[in-house]
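Following: one structure in structure tokens, then a few remarks.
The values are calculated or read from the model by the stated rules, or taken from the named source; none is laboratory data. Just so it is clear, the model here is predicted, and its values are computed rather than measured. Note that we place each Cβ from the backbone using ideal geometry, even for glycine, and neighbour counts take in every protein chain shown. Accessible surface is based on the protein model in full, side chains and every heavy atom, while ligands, DNA and RNA are left aside. Shrake-Rupley method; radii C 1.70, N 1.55, O 1.52, S 1.80 Å.
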Amino acid sequence: MFLKAEKICGGYGKNRVIQNVSLEVSKGDFLGIIGPNGSGKSTLLKLLTRVLALEEGFIFLDGQNIAQMGLKGLCQKIAFVPQETLIQFPFTVHEIVLMGRIPYLKRWQTETRQDFQIVEDALKATDCFSLRNRQIDELSFGERQRVITAKALAQQPELLLLDEPTSHLDIGHQIQMLNLLKTLNQDKKLTIIMVLHDLNLASEYCNKILLLHEGSVYKEGSCEDVLTYQNIEAVYKTLVVVHKNPISSKPYVVLVSKTKSEK
Ligand code: ADP
């Protein structure tokens with residue numbers, strides 16, 4: 001198993017948000033984490049990336065306990081794109097993405113031509129090349145989100161974790177971002193764990209889904225197993241109908257509004 005979390009617990013001081021979560025991710029998986037607001041999705045990603053320390057349990061990456069890995073080694077394997085990134089210094093986009101190469105540099109070593117090529121490829125893949133000389137603190141949220149994704153790609157990780165990677169993007173860039181992730185997943189066998197609000201996008205792009213409910217796993221499995229109207233109604237407390245997308249054959253969730261008589 002590529003990533004294995006065993007009964008992990010964690011949160012913020014007395015507020016233990018994640019309770020006894022276990023999950024397994026194989027190499028090449030594209031796992032979507034869904035759940036209502038406050039169910040602990042972001043907190044789970046922070047625990048999986050060691051941004052937050054575990055209170056209980058273990059996380060193994062390629063058989064290694066991540067709590068015992070060196071930071072450089074961890075950053076060569078895992079890259080994380082958080083929901084919001086606060087960068088208040090006037091770094092250029094190019095400088096930020098170049099920081100993705102830090103885990104590979106030895107002490108006093110400067111970037112090589114290969115590092116610059118990797119950065120250029122990451123900038124182009126995320127449609128950020130034209131922004132490369134702009135200051136990060138002067139960009140829109142959507143542009144920043146793409147730049148931070150470019151930095152994560154420049155890290156050339158084996159596992160990429162993203163928290164709502166499309167939340168600030170217009171629909172064109174949303175699909176471009178998800179298609180890029182799908183291509184990296186299929187062609188480069190990059191393993192991806194992504195928190196996504198949109199159940200239908202999760203269904204279209206992920207091969208596995210984990211539904212979180214109040215900090216615990218409510219259901220994990222294929223899109224068909226997880227995205228049932230019973231599971232969604234139980235966790236989101238919302239009426240839905242689940243159809244099959246006629247093109248992809250994946251589950252397609254439709255919200256049901258109140259009828260006139262219920263008003
Ligand atoms: P989700 O991503 O599913 O919306 P979060 O993981 O962001 O959920 O939040 C889960 C719970 O943890 C919420 O009750 C939230 O208020 C709390 N929480 C999130 N971040 C912090 C923080 N930095 N400090 C204290 N509590 C937090």
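Comparing 191, 110, 149 in a Gaussian network model of the chain where C-alpha atoms under 10 Å apart are linked, the largest mean-square fluctuation is found at 110.
For region 1-91, what does the relative contact order come out to in percent, with C-alpha contacts under 8 Å and a separation of six or more? All intermediate terms of the calculation are to be shown ahead of the outcome.
Details: 117 pairs, mean separation 28.9, N = 91.
This gives 32 percent for region 1-91.
For the chain, the solvent-accessible area works out to 52 Å² per residue, with a probe of 1.4 Å and every protein chain left in place. Looking at region 156-263, the GluC sites (Glu not before Pro) that sit in a DSSP loop and have at most 14 other Cβ atoms within 10 Å of their own Cβ are 214. Annotation: aspartates and glutamates with alpha-carbon distance below 14 angstrom to residue 244 (same-chain offsets under eight excluded): 204, 224, 225.
Along the charge dipole of the chain, pointing to its positive end and built from +1/-1 on Cβ of Lys, Arg, Asp and Glu, which listed residue (67, 178, 241) has its Cα farthest out? Most positive-ward Cα: 67.
Please report, in debye to the nearest 20, how large the charge dipole of the chain is about its Cα centre when each Lys and Arg carries +1 at its beta carbon and each Asp and Glu carries -1 there.
Details: 31 positive and 29 negative charges, 39 e Å.
Dipole about the Cα centre, nearest 20: 180 debye.
Mean residue ellipticity, 222 nm, helices only, the chain: the sum of -39500 (n - 2.57) across DSSP H runs of n ≥ 4, divided by residue count and rounded to 500, is -9000 deg cm²/dmol.
Our coupling estimate for region 157-166, obtained by passing each phi through the Karplus curve with A = 6.51, B = -1.76, C = 1.60 and θ = phi - 60°, is x, 8, 10, 10, 10, 10, 9, 6, x, 10 Hz, Gly and Pro reported as x.
Amide H to amide H, with H built 1.01 Å from N, residue 29 comes under 5 Å of 192, counting only residues 5 or more places away or on other chains.
May I ask you to derive the relative contact order of region 3-222, considering only C-alpha pairs under 8 Å and at least 6 residues apart, and to give it as an integer percent? The partial results should precede the final answer.
On the way: 403 pairs, mean separation 68.2, N = 220.
Dividing the mean separation by the residue count of region 3-222 yields 31 percent.
Once the other residues with Cβ under 9 Å from the Cβ of residue 35 are scored (Lys, Arg +1; Asp, Glu -1), what is the net sum? Net charge around residue 35: 0.
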